[in-house]
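Encoded as structure tokens, the structure appears first; notes follow it.
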Amino acid sequence: MRVMAQLAMVMNLDKCIGCHTCSVTCKQAWTNRAGTEYVWFNNVETRPGQGYPRTYQDQDKWKGGWELNSRGRLKLKAGGRLKKLFSIFANPLMPSIQDYYEPWTYDYDRLFSAPMQADTPVARPRSLITGEPTKISWSANWDDNLAGGPELAPADPVLRKVSDQVKLDFENAFMFYLPRICEHCLNPSCASSCPSGAIYKRSEDGIVLVDQDRCRGWRMCVTGCPYKKVYFNHRTGKAEKCTFCFPRVEVGLPTVCSETCVGRLRYIGIILYDADRVTEAASVADDKELLEAQKSVMLDPHDPAVIDAARAAGIPEDWLEAARNSPIHKLIFEFGVALPLHPEYRTMPMVWYIPPLSPVVDVLSGTGHDGEDAGNLFGAIDALRIPIGYLAELFTAGDPEPVRAVLRRLAAMRSYMRRLNLGQEPDESIAAAVGMTGQGVQDMHRLLAIAAYDERYVIPKAHAEQGAQLEELALGSGCSLDYEGGPGMNGPFGEASGMPAPIAVENFHALKERQRGDDLDDAGELRGRVNLLNWDGKGTPDGLFPKNGKKEES
Amino acid sequence: MNALDVVLWVVAPYVALTVFVLGHVWRYRYDKFGWTTRSSQMYESRLLRIGSPLFHFGILVVLLGHIGGLVIPKSWTEAAGVSEHAYHVVAVVLGTIAGVATLGGLAILIYRRRTVGPVFTATTRNDKLMYAVLAVAIVLGLAATVMANIVGGGYDYRTTISPWFRSIFYFQPDPALMAGAPLLFRLHALSALLLFAIWPFTRLVHMLTAPVGYLTRPYVVYRSRDEQPTGSRAPRRGWEPSR
């Protein structure tokens with residue numbers, strides 16, 4: 001047994017209202033730069049829908065993740081090592097920018113510079129890729145809230161697996177939101193696809209990261225990830241992905257997407273797992289057994305044998321304590337309501353989901369029934385085969401039983417807690433019907449509905465020697481010779497080449513420059529692009545507005 | 001043998017090779033982040049899927065051919081029983097096919113770079129210079145082969161150019177060998193020297209990190225967060241050394 005710790009997340013889909021706050025704050029924090037305009041480390045999709053990038057779940061087309069070869073051993077679906085090297089010059093499975101969407105801005109200058117005229121001037125959209133006027137025809141959320149439903153939703157690869165006959169009923173009855181980040185898999189196929197070995201899994205906390213100094217832009221990770229959560233920065237020529245906000249979680253703070261989630265639906269904690277058994281578990285023959293196989297790899301943090309092995313592996317005591325208090329472990333094992341996204345990709349994803357019960361309740365209430373009565377709910381869960389079929393395609397490789405069991409538990413919690421809230425006698429038979437006790441249901445309710453901050457996020461701090469980093473502050477401007485030319489950092493070999501300046505130093509200088517400098521903010525090197533986050537309204541940086549062929553005066 | 005020959009065939013090669021080696025060392029230390037293929041496949045895939053493999057596989061065969069012709073002495077191949085004629089036929093046929101594939105691929109790639117808007121926008125001045133030098137070197141090399149063998153009666157570079165090439169590496173350069181070679185071969189060699197000299201400062205550096213290690217390493221890479229701080233090097237210490 002080789003015990004390793006893994007930071008994991010669970011999202012409670014019942015509470016997601018599709019507000020995209022997580023996406024926006026993540027973008028502000030991580031991908032608000034030239035080259036990553038189209039990149040959303042966190043995105044929220046409406047299901048049924050095509051997702052982002054379009055139809056990424058169609059692995060017959062994109063060949064992401066793993067599959068079993070004829071001898072029952074794991075192999076990358078896109079091909080083995082030799083095939084990868086031979087297709088390195090032009091990756092045939094690489095999504096184009098149009099598969100995500102072509103990012104754009106607006107011709108705002110028209111609003112100010114247009115001559116007096118009868119009609120109100122309009123700001124036309126311009127592509128951020130070509131700089132030319134463009135027609136917006138797709139984006140990361142084009143089919144939000146089932147927009148364009150009858151036309152677009154049938155292309156949903158998950159929906160196509162559920163039978164055709166019930167499709168229309170389903171669309172009328174059922175819709176929910178699916179927020180997605182990188183899964184930080186136990187068996188990451190992106191890292192396994194990287195020819196340079198630049199993508200690595202951190203041995204302390206299992207976060208999967210791209211070493212920007214070792215990435216050579218071979219683009220195989222983009223193909224390898226079945227969730228399409230590794231992105232290609234088309235300006236720097238390097239892969240970028242969700243970092244699980246490692247600078248935050250290292251000091252015990254939740255990720256930006258979790259912190260800003262208005263529905264408080266995200267849970268972060270650690271899981272102990274047996275790294276030696278990952279490959280074996282990912283290789284079970286039947287797709288439907290992958291869920292149980294993955295659960296069997298995760299270890300019980302209360303088991304003395306596990307604790308001993310973890311200590312031997314060098315996992316610190318406060319991490320073991322955090323593993324025992326982990327909301328993730330509770331939701332997966334104790335309450336048994338969390339399920340992984342697409343276990344059939346065999347990557348052992350570590351962002352799990354509590355499937356939504358609300359649509360079932362809505363159907364019941366909409367038809368005049370009591371949507372919180374246990375009997376009604378249990379009946380409806382069994383009757384509404386379509387939503388369950390769809391959820392099963394997402395979370396259990398098509399096996400409806402685990403999904404049904406989870407929904408029944410959520411329904412039981414609703415009914416049981418309603419009786420308590422109405423001052424009635426608790427009905428233990430409701431809890432017993434789903435294999436729980438009344439106290440268990442109340443504990444689950446506390447974690448899911450009350451969702452206190454320090455119960456949602458149990459994040460042990462990294463044991464890091466930070467003295468050297470604090471020196472950054474002491475060094476001040478005099479010693480930080482790395483810094484030249486400002487945040488654009490244009491080295492001699494194109495954008496952002498050269499040594500990276502420490503973030504604190506860069507911010508310090510940029511701020512000082514802006515406050516004391518006589519020059520207006522100059523982003524000339526961005527060539528038609530400007531980062532509005534860093535623009536403080538002083539002047540008009542080059543590239544904020546198109547030049548219209550006019551020579552600059554003065 | 002005059003002074004110009006010494007400059008061209010002794011001084012220039014050593015300068016180019018020194019710049020090549022030290023340039024790469026310097027670039028690797030200074031600019032790991034900029035060390036990338038800077039792929040433009042995201043913008044355009046249709047032309048790339050024809051041009052890029054054509055060029056890259058072609059240039060790999062060309063590279064192997066140059067190793068066979070320049071590095072391996074004629075006496076070795078003859079000792080192995082390969083006659084001059086047999087070598088020559090194989091070299092000319094393979095070389096011409098690979099050369100044409102390379103040049104065709106390069107033509108497609110340059111056409112794509114100029115005509116596809118986003119790709120052209122992402123092209124730096126550095127890239128344009130590199131493309132020019134690379135194209136000149138390839139055209140001259142192909143022209144030398146074609147002119148010598150198809151128009152002329154063939155030229156045995158393994159008695160002049162190859163010994164000169166090897167003489168550079170054992171530090172007894174003999175410019176006289178090169179001075180007598182046909183003009184096109186000499187121009188090709190000079191353009192190659194220029195290419196080597198600018199190599200470390202262009203995107204061509206990606207060739208030196210061709211990911212052959214992928215064939216043997218384990219699939220999943222684990223790395224400790226302490227092993228290397230984020231970013232390319234350790235932070236500076238914040239105190240003066242005490243003496």
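Overview of values
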read-out: Leading residue at positive end of dipole, the protein assembly as shown (Cβ point charges), from A:150, A:41, B:43; value: B:43
read-out: Three principal axis lengths of the range B:1-81 [C-alpha, angstrom, descending]; value: 51, 40, 24
read-out: Dmax and Rg, reported as Rg then Dmax, of the range A:1-67 (C-alpha, Å); value: 15.5, 45
read-out: Percent accessible area from carbon and sulfur atoms, the protein assembly as shown, protein chains only, probe 1.4 Å; value: 59
read-out: Alpha-carbon Rg/Rh ratio, for the range B:3-215, with Rh computed the Kirkwood way; value: 0.98
read-out: Long-range tail of P(r) for the range A:266-456 (Cα pairs > 25 Å, %); value: 42
read-out: Long-range tail of P(r) for the protein assembly as shown (Cα pairs > 55 Å, %); value: 20
read-out: Rounded to whole Hz, the Karplus (6.51, -1.76, 1.60) HN-Hα couplings of the range A:285-291, x for glycine and proline; value: 5, 8, 3, 6, 8, 5, 4
read-out: Helix B:12-30 vs. chain B, principal-axis angle (Cα, 0 to 90°, nearest 10); value: 20
read-out: Sorted largest first, extent of the range A:1-129 alpha carbons per principal axis (Å); value: 74, 42, 28
read-out: 10 Å Cβ neighbours from other chains, averaged over peptide A:193-199; value: 5
read-out: Residues of the range B:3-215: accessible area per residue with a 1.4 Å probe, Å²; value: 49
read-out: Rounded tilt (10° steps) of B:84-115 against the dominant C-alpha axis of chain B; value: 40
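The values are calculated or read from the model by the stated rules, or taken from the named source; none is laboratory data. What you see is a predicted model; the values in this text were computed from it and never measured. All Cβ positions, even for glycine, are placed from backbone atoms using ideal geometry, and neighbour counts span all protein chains on display. Each accessible area value is taken on the protein alone, full model and side chains, heavy atoms only, with ligands, DNA and RNA left out. Shrake-Rupley method; radii C 1.70, N 1.55, O 1.52, S 1.80 Å.
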